Amino acid sequence: MSEFRPPRTPGVKLIFALLIATFLAIQLFTVYLLVYDRQNQSQTAQSSIAEVWGGAQSISGPVLVIPYAATRNETVTENGKQSVKTTTAWHELTLSPDAADISSVVKPDVRKRSIYEAVVYEARNQGEARFVLPADLSRWGTTRAALALDRAEVRFGISDARGLFGAPPVVVADGTPLALQPGKGPRETGGSGFFTAVDASNLGTKPMRVKFDYAVRGNGSITLLPQGGDTRWTVASTWANPSFQGGFLPTERKVAANGFKATWRVGNLALGRTLISTDQSGKTETMPGATGGDDAAARVDLVTPVDLYAQVNRSVKYGFLFIGFTFVALLMFDLIGGVKVSPIEYGLVGAGLVLFFVMLLAFAEVIGFSLAYCVAGGAIIALLTAYASAVLRSWRRGGLIAGLLTALYGVLYVLLSLEDLSLLIGSLLLFAALAAVMYLTRGLDWGGREVRIDV
């Protein structure tokens, strides 16, 4: 004699659907981890490109470094007698330009390694700096007579010297090009840079002008660390997607489809620094309240227009909407349409929904996000429409599922495009879904047998 099993109540069916949805949410989290892993691989590939090309570059200078002799009297005791001993030591006085005009022309390029790509560039930096020796050198513990002006050096900073190429000239005073030597960069670039020796003997009577022209390779961004009393930096490029960062924003900028041009004006008052400093204890170029780090920099990032990993990550975060809406549709067919849907069938439909995000990631790395979205979405809609038609025993019902999925994928694409309004649109969709479920189940006895209505 067979055992009679009463049909499951609507409440039990709802609990089963919620349990399966919770399990699938865990699978969505594993997809999120997969995206994170692929993003790390992409960053590793970009870093390997930068190793042979040059990293994100920070440029600084020029500054004029002048050695000077400082004497110190010290009382010493020898054989019970006190005497004054005079010692002479050499120190460095660093003079920033009172005005600097720098122009950077950035030529971008996209380099690929396997399926990954990185934005690299060549930047030609041209400019002129003017140095003026202040009259009140005594404030820094020296005099003009103590300065070895004929042994001065013009120093430039660059964060990744691997990006330097060619033999860039530096022209001082009389127009004679001077050869450059590696090293002796300022502390802002960690000592990385290049320099040239100059004879600044005429500096005390008139300003000294330094003209420079050097090219550097970099990756991702270029940063200027201002040094002068009045620094003007102009950047022009054919890259159409710049992002202006750092502690100073451009005073003028123009961004168009064929590139951008931006100009910064930064003064030492804004930086909180003096134009002169020494390496002696207690003497520093930085004043209290001065800006430092990224706050004392002007930076341009060459942004990739579509970061596919960020977009896939955002789409995965909306995955619960796909599972929720689709399961609600199946549950309505089960409860009020007279078509029984088993937990296994819920699980298979949910597996297809999760598979969409894996396919989206896989195709996006090869053919781009938008086309990958169409391919993955079309494949999953076709698969689930055919399966839902068999489960629900009607192509018309399967067509309703197809319409629902098409609408969901369309809305998700809009959400990914309208980042600022995504929360508003998502909350309205949830409100509409909740209202629909309340209306369709308003006469349903959740603890008893379901009411069947032909759908």
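Values computed for the structure shown
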| read-out | value |
| --- | --- |
| Mean Cα-pair separation over length for the stretch 331-416, i.e. relative contact order, pairs under 8 Å, 6 or more apart, % | 22 |
| Heavy atoms of MET438: accessible area, 1.4 Å probe, square angstrom to 10 | 120 |
| For VAL52, net neighbour charge (Lys/Arg +1, Asp/Glu -1) across residues whose Cβ lies under 13 Å away | +2 |
| The stretch 304-414 pair-distance distribution - Cα-Cα, 5 Å bins, rounded % | 2, 12, 24, 24, 16, 10, 7, 3, 1, 0, 0 |
| Prolate/oblate/rounded call for the stretch 370-415, Cα gyration tensor, a/c under 1.5 rounded | oblate |
| Relative contact order for the stretch 118-273, counting Cα pairs under 8 Å that sit 6 or more residues apart, in percent | 26 |
| Efficiency of FRET from Cβ geometry, SER48 and ARG187, R₀ 30 Å, rounded to 0.05 | 0.55 |
| Environment charge at SER389 (Cβ cut-off 13 Å; Lys +1, Arg +1, Asp -1, Glu -1) | +2 |
| For a label point 7 Å along the Cα-to-beta-carbon line of ALA310, residues of the stretch 240-271 with backbone N under 17 Å | 240-246 |
| Label point at ASN202 placed 7 Å out along Cα→Cβ; residues across the stretch 137-172 whose backbone nitrogen lies under 19 Å | 148-154, 170-172 |
| Spacing of the two label points (7 Å from each Cα toward its C-beta) at VAL303 and GLU252, in nm | 2.4 |
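The values are calculated or read from the model by the stated rules, or taken from the named source; none is laboratory data. Since we're looking at a predicted model, the values are computed, not measured. Virtual Cβ from ideal backbone geometry, glycine too; neighbours counted across all protein chains shown. Heads up: the accessible areas ignore ligands, DNA and RNA and are worked out on the full protein's heavy atoms, side chains in. Shrake-Rupley method; radii C 1.70, N 1.55, O 1.52, S 1.80 Å.
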